[in-house]
1. Which condition from (1) farther than 22 Å from residue 32 by Cβ; (2) in a strand (DSSP E or B) is the one that residue 97 breaks?
2. Among the residues of the range 32-40, is any without any contact (Cβ under 8 Å) to a residue 60 or more places away in the chain and closer than 26 Å to residue 130 by Cβ?
3. Taking residue 98, is it within 23 Å of residue 30 (Cβ to Cβ), in the same structural domain as residue 181 (by TED's automatic domain parsing), hydroxyl-bearing (Ser, Thr, Tyr) and at pLDDT 95 or above?
4. Check the range 159-178 and report whether any residue there is closer than 20 Å to residue 83 by Cα, at pLDDT 95 or above, surrounded by fewer than 18 Cβ atoms within 10 Å (Cβ to Cβ) and in the same structural domain as residue 100 (by TED's automatic domain parsing).
5. Considering only the range 145-158, state which residues are surrounded by 15 or more Cβ atoms within 10 Å (Cβ to Cβ) and hydroxyl-bearing (Ser, Thr, Tyr).
6. Of the residues in the range 175-197, how many are touching a strand residue (DSSP E or B) at 6+ places or on another chain (Cβ under 6 Å) and free of Cβ contacts under 8 Å to residues at least 24 places away in the same chain?
7. Residue 169 fails exactly one of the following numbered conditions: (1) in contact with a Phe, Trp or Tyr (Cβ under 6 Å, 6 or more places away or on another chain); (2) closer than 28 Å to residue 42 by Cα. What is the number of that condition?
8. Can you tell me which condition residue 106 does not meet? The list is (1) more than 13 Å from the chain's Cα centre (by Cα); (2) surrounded by fewer than 17 Cβ atoms within 10 Å (Cβ to Cβ); (3) in the same structural domain as residue 189 (by TED's automatic domain parsing), and all the others hold.
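The values are calculated or read from the model by the stated rules, or taken from the named source; none is laboratory data. No experiment lies behind these values; they were computed from the predicted model shown. Here the Cβ positions follow ideal geometry from the backbone for every residue, glycine too, while neighbour counts run over all protein chains shown.
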Amino acid sequence: MRELAARGVVVDLEAARAAMLAEMAYYRAHHDEAGSWAGLKDLRRRCAAVVQEQLGTVLPLGDVQDALLAAIRFRAYPEVPAALESLRAAGARLAVVSNWDISLHDVLERTELRALVDTVVISAELGVGKPDPAIFRAALDRLGATAADAMHVGDSVEHDVEGARAAGVRAVLVARNGVAPPDGVRVVATLDGLLME
């Protein structure tokens, strides 16, 4: 709302929420098309067009895109940096395995998490995403690890838990919102919970 208002367009909270939810749904369905910077540029334009259409605004598409990108900010959960540092200090090798576009590299740098992990496997770059076991195997290969020695930690039963299990990797569910896990799956409320094993 603030970014659009700065560009002369006033929308109410519900309209802004509906536009962002529509954009997020479109992004989730198409993020793997952004495995290159050119693909990302095109995806961002299309996502902005979704927002423009949802709001019915005559604001030029470039301005809508600028507002959208300025409004999206990422930050790590408070415990994440220290938890990753502790895991590494204990000898763990760490990989980010994500259904995301190529911009995840920049996001990890900006949130100061990139230096805390050994490798990053992104669905848009690999051409396959979670829950496909191939993305988990790619991470294992990059770490020089076996499935039997690995653990995957994520917040989605469908993508993280089921995908890890299909790859033969032990799954841990981060249930910040109280999602019930499948039988036999360890649950932690935050990444700090990983340190209590």
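1. (1)
2. Just the residues of the range 32-40 that are without any contact (Cβ under 8 Å) to a residue 60 or more places away in the chain, to begin with: 38.
Going one step further and asking which of them are closer than 26 Å to residue 130 by Cβ, we end up with 38.
Yes, that holds for at least one residue.
3. yes
4. Yes, the range 159-178 contains a residue that is closer than 20 Å to residue 83 by Cα, at pLDDT 95 or above, surrounded by fewer than 18 Cβ atoms within 10 Å (Cβ to Cβ) and in the same structural domain as residue 100 (by TED's automatic domain parsing).
5. 156
6. Summing the residues that are touching a strand residue (DSSP E or B) at 6+ places or on another chain (Cβ under 6 Å) and free of Cβ contacts under 8 Å to residues at least 24 places away in the same chain in the range 175-197 gives 3.
7. Of the numbered conditions (1) in contact with a Phe, Trp or Tyr (Cβ under 6 Å, 6 or more places away or on another chain); (2) closer than 28 Å to residue 42 by Cα, the odd one out for residue 169 is (2).
8. In the conditions (1) more than 13 Å from the chain's Cα centre (by Cα); (2) surrounded by fewer than 17 Cβ atoms within 10 Å (Cβ to Cβ); (3) in the same structural domain as residue 189 (by TED's automatic domain parsing), residue 106 misses (1) alone.
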